[in-house]
1. Could you work out how far helix 16-56 tilts from the main Cα principal axis of the chain, as a 0 to 90 degree angle to the nearest 10?
2. Of E70, E41, E56, which is the most mobile in a GNM of the chain whose springs link Cα atoms less than 10 angstrom apart?
3. Provide the three semi-axes, in whole Å and in decreasing order, of the ellipsoid equivalent to the chain as defined by the square roots of 5 times the Cα gyration tensor eigenvalues.
4. Compute the length gained on full extension between L113 and D92: take 0.36 nm times their separation in residues and subtract their Cα-Cα distance, giving the result in nm to one decimal.
5. Among R54, R80, R99, which one shows the biggest mean-square fluctuation in a GNM of the chain, springs joining Cα atoms closer than 10 Å?
6. Can you work out the Karplus-derived ³J(HN,Hα) for every residue in segment 95-102? Use 6.51 cos²θ - 1.76 cosθ + 1.60 with θ = phi - 60°, whole Hz, and x for glycine or proline.
7. Return the FRET efficiency for the residue pair A52, M32: r is the Cβ-Cβ distance, R0 is 22 Å, and the value is rounded to the nearest 0.05.
8. Using a 10 angstrom cutoff on alpha carbons, build the Gaussian network for the chain and name the most mobile of T82, T97, T47.
Amino acid sequence: MSAGEARPFWRVALEPRWLGLLALALGLAALMSVMGVWQLEVYQSKTAAATAKRAEGAPVALQSLFSIDEGLPAKAVGRRVTVSGTWGPAGDQLFITDRRHGETDGLWVVTPL
């Protein structure tokens, strides 16, 4: 092979130093994946405990948690609420399919209040 000739990619890629770098990169990627899953599990356990604690409280009026112009704040997630009003017309109902309740397949019926 002359000095001006390029070597094939696979011949370069299979050199021990490049295989070592590949093994190092794959090891780091695996470690980061495991650590990411661990962090997600810690986050989920903390939020699940906080949500369960809020659900234990007595129901409060929905309007006391946030106004109609705001988004749903974290303090309202899992909180039991009370509301009053009149149901909207049946034509405004939404049906959300592929929902499970225990072992039973079904759907959700969402009606404006």
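Derivation of every value follows stated rules applied to the coordinates shown; laboratory data play no part. These numbers were taken from a predicted model, which means no experiment stands behind them. In this analysis, Cβ positions are derived from the backbone assuming ideal geometry, glycine residues included, and neighbour counts consider all displayed protein chains.
1. Around 10 degrees separate the two axes.
2. E70
3. 56, 21, 15
4. 6.5 nm
5. R99
6. Once rounded to whole Hz, the list reads 10, 10, 8, 6, 10, 10, 10, x.
7. 0.15
8. T97
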